[in-house]
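Each remark here refers to the structure printed beneath this line.
The values are calculated or read from the model by the stated rules, or taken from the named source; none is laboratory data. Just so you know, these numbers come straight off a predicted model, no measurement behind them. When we count neighbours, we look across all protein chains shown, and the Cβ atoms used for this are built from the backbone with ideal geometry, even at glycine. Please note that ligands, DNA and RNA were not included when accessible areas were found on the heavy atoms of the full protein model with its side chains. Shrake-Rupley method; radii C 1.70, N 1.55, O 1.52, S 1.80 Å.
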Amino acid sequence: MDEPYTGPAIPVGVDVQVESLDSISEVDMDFTMTLYLRHYWKDERLSFPSITNKSMTFDGRLVKKIWVPDVFFVHSKRSFIHDTTTDNIMLRVFPDGHVLYSMRITVTAMCNMDFSRFPLDSQTCSLELESYAYTDEDLMLYWKNGNESLKTDEKISLSQFLIQKFHTTSRLAFYSSTGWYNRLYINFTLHRHIFFFLLQTYFPATLMVMLSWVSFWIDRRAVPARVSLGITTVLTMSTIITGVNASMPRVSYIKAVDIYLWVSFVFVFLSVLEYAAVNYLTTVQERKERKLREKFPCTCGIPNTKTMMLDGTYSESDANSLAGYTRSQTVIEEEKQDKMVVHLAMSNESNSSRKRGLKGHVGLRIIQNTHAIDKYSRIIFPGTYIFFNLIYWSVFC
């Protein structure tokens, strides 16, 4: 059957009831929705006399024999009308010629998503309806009751998103080859749940960064322990970054999660470089001490080497130990004083202008196990990372 009549555009009202929002795919940038699509128009040729003014209801077999609007979904990838146990199509005709045409449809449509704030993002998607053949001069497509034309099930929910709102809009769409068409929009806004990503991404990354700081408290001579800890944290961070990007489309811009993960990766990598610097400086320090010992070999005439003050006098503990010597022995030792070697302890405080006594047992060289870089790193690394987190969460939340 042809369209109802020629002349002005045929008004076709539309309303939609969303049954479910089945899935949102970030990789494919689309969504899947199941809905009831209803059309309302008037066809005088279908009017019939009725005493009770009751309508007549038909199934999908009559649809092929009468005129119905040719509405399709713009930017849809897949769609189908449900057919269990029969085609989910209903046609209701009223005595005055008004027609209600309803279908239950599942459609997968494109949604342009912006992941620059992922996973702290919100996405707005649209399902667009339009007549395929009839321009706005032939068919006027409109929302039957404005915003009230869109109904949603209160039980609709998604695992990763909070559905904030549904609303309708309409406007004209222009095609250079065919003209202007009425287009209807079902718009909905989705806000992503952050808790899943906190558990799966942010917390593990933060723990890896904190674990890398443990090496600052490990003895700098424990090379296997510190190197293996650094390599383990670097590889774990690489795995986390790879896992996040595997579930995302290959976009050409930086996402919010990329900023956090790569900054965390840099902190972990810097902790490895920090130990490389500490190990190198320790090696240089020990080489200098070795050369000092070779330059001043021990030629002391006394059985046990005593640690002396830098000005050549004995420390208090050494004075007590000399109490048992006779005067002649003391004089002899004073004559040999210029042959004694003072064992210097090379430490990170060697630049201090204040001279300190070197105490300890016979022949003991005091070498500190903690380098100055480790001491500073214990403060700088956590402080900088906390400052980064404050800026990051204040910007993206």
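Selection of first residues in region 51-78 that are without any contact (Cβ under 8 Å) to a residue 60 or more places away in the chain and of second residues that are of a type in the set (S, T, N, Q), restricted to Cβ pairs under 6 Å at least 6 apart or on distinct chains, gives the following pairs, ordered by first then second residue: 73/79; 77/108; 78/108. Being within 37 Å of the chain's Cα centre (by Cα), buried (at least 17 other Cβ atoms within 10 Å of the Cβ), part of a strand (DSSP E or B) and at pLDDT 95 or above is true for just one of 109, 205. Which residue is that? None of the others qualify; the one that does is 109. Within region 189-202, the residues that satisfy the criterion of being buried (at least 16 other Cβ atoms within 10 Å of the Cβ) and either among the charged types (D, E, K, R) or part of a helix (DSSP H, G or I) (or both) are 192, 197, 201, 202. Kindly indicate whether any position in region 175-184 is under 16 Å from residue 124 (Cα atoms), assigned to a strand (DSSP E or B) and in contact with a Pro (Cβ under 9 Å, 6 or more places away or on another chain). No, there is no match, as no residue in region 175-184 is under 16 Å from residue 124 (Cα atoms), assigned to a strand (DSSP E or B) and in contact with a Pro (Cβ under 9 Å, 6 or more places away or on another chain). Checked against (1) surrounded by fewer than 16 Cβ atoms within 10 Å (Cβ to Cβ); (2) closer than 23 Å to residue 11 by Cβ, residue 143 passes all but a single condition, namely (1). All of (1) closer than 24 Å to residue 198 by Cβ; (2) over 15 Å from the mean Cα position of the chain (by Cα) hold for residue 284 with one exception: (1). Counting only residues that are open to solvent by 40 Å² or more (accessible area, probe 1.4 Å), of a type outside the set (Asp, Glu) and more than 21 Å from the chain's Cα centre (by Cα), region 19-52 holds 11 of them.
Among the residues of region 257-269, the one identified as more than 17 Å from residue 207 (Cβ to Cβ) and either surrounded by fewer than 18 Cβ atoms within 10 Å (Cβ to Cβ) or more than 19 Å from the chain's Cα centre (by Cα) (or both) is 259.
If you go through region 29-68 and keep only what is part of a loop (DSSP other than H, G, I, E, B) and either charged (D, E, K, R) or at pLDDT 95 or above (or both), you end up with 43, 54, 59, 61. Residues in region 236-257 that are free of Cβ contacts under 8 Å to residues at least 60 places away in the same chain and farther than 23 Å from residue 380 by Cα: 238, 239, 240, 241, 242, 243, 244, 245, 246, 250, 252.
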